[in-house]
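The values are calculated or read from the model by the stated rules, or taken from the named source; none is laboratory data. Because the structure is predicted, anything quoted here is derived from the model rather than measured. Cβ placement follows ideal geometry from the backbone for every residue including glycine, while neighbour counts extend to all protein chains displayed.
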Amino acid sequence: MNKRFIAIIRKEFIHILRDPRSLLITFVMPLLMIFLFGNAVELDIKEIPFGVIDQDNSQASRELIDKFINSGYFKLQPIEQNREHIHDLFMQRAVKAVLIIPVDYAKDLQIKPQVQAQMIVDGSNSNTASVIINYTKMIFATLTTELNVQTINMPLEIESRVWYNPDMESANFVVPGLVAIIMMMICALLTSITIVREKETGTMEQILVSPIKPYEVVFGKVLPYVIIAFFDGVLVLVFAWLSFGVPIAGNVLLLAVLSLFYLYASLSLGVFISTQAKTQLVAMMAALVITVLPSVMLSGFIFPIRSMPNVLQWLTYIVPARYFLVIIRGIVLKGVGFQYFWTQTLFLFVLGTILLTISTRKFSTKLE
């Protein structure tokens, strides 16, 4: 390693330590984002406000209401016992659903093979409405099973067993994805201003007249951020483990090594943006648009890739976060080994190399 390359690395570290913005992005922003997103992005909808119109007022109807309350998914709101007010309740957003228990509900349970109750749901938010309907079906299925057991012996009993996330905690699924999104965002933000900062501060001329080569500038600026971003990744994982109790089922060393390939691709993307942008503000805005939106929307972080249109599915193949999400969720949740991740690792390495090569050539053109 020659002195010119070491000088570039040392210079970049000095830039970071003397720049309050870089320090804020490096050490404060990742922890703040994992805390905010980890608590805000909750796939499990709980304490859904709902009302009940109990036209039977029997012990059986009260037991049905208790089933909804004790499930933890619903929160009972007092409402008028009149169907005509349901529209006003939805308009005022006082409740999301109304359970209507018909007259003679308890009597019909004893003499009829099937008894009907009605759940009216506010469908303005289709996702919430679907969740409410699924929760309602689950509660009624559980109650039906209990009633059948009391009357006859069930010939067949189904026992469910959930692997990898037995408690069905959405944090165990969301937080590893957040680590990938945050690492991509931080890496791109940090490196997107490296070269363009030299232009704005007037130090680019000093680099141009020096005997240093373009690839030494580019790689010398990337290496410090690889070290910093790797430290950030460890910091975020430890913070997620302490704050949300996310277990790590797989090999931590394997996760650390494969994270370096993801950091390599992410930082290369930031350097590529830096060679194209004219100002630091433009570089940071471009980094946010190019990294955050695709990483959140097209990586499989929240929305399954298979449910996307075919055009968007093809577009996801150029999103680095898509591949690292498979890696980090596989290691953290399932304890999967490297034999299942070699294609994702290869893509991240190839993408990072292509972006760095283009960045070096762009920088070389400017030197001429």
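If you go through region 308-337 and keep only what is in contact (Cβ under 8 Å) with a residue 40 or more places away in the chain, in a helix (DSSP H, G or I) and surrounded by fewer than 15 Cβ atoms within 10 Å (Cβ to Cβ), you end up with just LYS334. The single condition among (1) more than 36 Å from the chain's Cα centre (by Cα); (2) outside any strand (DSSP E or B) that ILE100 does not meet is (2). Among the residues making up region 160-192, those that are touching a Leu at 6+ places or on another chain (Cβ under 6 Å), in a helix (DSSP H, G or I) and not β-branched (Val, Ile, Thr) are SER170, GLY177, ALA180, CYS187, ALA188. Of all residues in region 73-97, those satisfying the criterion of being over 22 Å from GLU146 (Cα atoms) and not in a loop (DSSP other than H, G, I, E, B) are LYS75, LEU76, ARG83, GLU84, HIS85, ILE86, HIS87, ASP88, LEU89, PHE90, MET91, ALA97.
Residues considered: ALA249, ALA240. Of these, the only one that is in the same structural domain as LEU31 (by TED's automatic domain parsing), under 21 Å from LEU333 (Cα atoms) and not in a helix (DSSP H, G or I) is ALA249. When the criteria are applied in full, TYR317 fails the requirement of being of a type outside the set (A, V, I, L, M) and touching a Leu at 6+ places or on another chain (Cβ under 7 Å). Among the residues examined, PHE303 does not qualify as within 29 Å of TRP241 (Cβ to Cβ) and modelled with pLDDT of 85 or more. Could you go through region 269-278 and let me know if any residue there is crowded, with 21+ Cβ neighbours inside 10 Å, touching a residue at least 60 places away in the same chain (Cβ under 8 Å), aliphatic (A, V, I, L, M) and closer than 18 Å to PHE347 by Cβ. Within region 269-278, one or more residues are crowded, with 21+ Cβ neighbours inside 10 Å, touching a residue at least 60 places away in the same chain (Cβ under 8 Å), aliphatic (A, V, I, L, M) and closer than 18 Å to PHE347 by Cβ.
Among the residues that make up region 40-58, is at least one of them touching a strand residue (DSSP E or B) at 6+ places or on another chain (Cβ under 8 Å) and either exposed (fewer than 12 other Cβ atoms within 10 Å of the Cβ) or among the small types (Gly, Ala, Ser) (or both)? Within region 40-58, one or more residues are touching a strand residue (DSSP E or B) at 6+ places or on another chain (Cβ under 8 Å) and either exposed (fewer than 12 other Cβ atoms within 10 Å of the Cβ) or among the small types (Gly, Ala, Ser) (or both).
Checking the conditions here, which among LEU235, LEU208 is modelled with pLDDT of 75 or more and either of a type in the set (A, V, I, L, M, F, W, C) or crowded, with 16+ Cβ neighbours inside 10 Å (or both)? Sole residue among the options that is modelled with pLDDT of 75 or more and either of a type in the set (A, V, I, L, M, F, W, C) or crowded, with 16+ Cβ neighbours inside 10 Å (or both): LEU235. Would you mind stating whether MET33 is at pLDDT below 80 and either in contact with an Asp or Glu (Cβ under 9 Å, 6 or more places away or on another chain) or not in a loop (DSSP other than H, G, I, E, B) (or both)? Criteria met by MET33. Taking ILE9 as the residue in question, decide whether it is surrounded by 15 or more Cβ atoms within 10 Å (Cβ to Cβ), under 27 Å from ALA283 (Cα atoms) and either assigned by TED's automatic domain parsing to the domain that holds PHE140 or not charged (D, E, K, R) (or both). Yes; evaluated as a whole, the condition is true for this residue.
A quick yes/no check of all residues on (1) β-branched (Val, Ile, Thr); (2) closer than 17 Å to ILE139 by Cα:
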{"site": "GLN55", "(1), (2)": "no, no"}
{"site": "TYR73", "(1), (2)": "no, yes"}
{"site": "PRO78", "(1), (2)": "no, no"}
{"site": "ILE86", "(1), (2)": "yes, no"}
{"site": "MET91", "(1), (2)": "no, no"}
{"site": "VAL95", "(1), (2)": "yes, no"}
{"site": "VAL103", "(1), (2)": "yes, no"}
{"site": "ASP108", "(1), (2)": "no, no"}
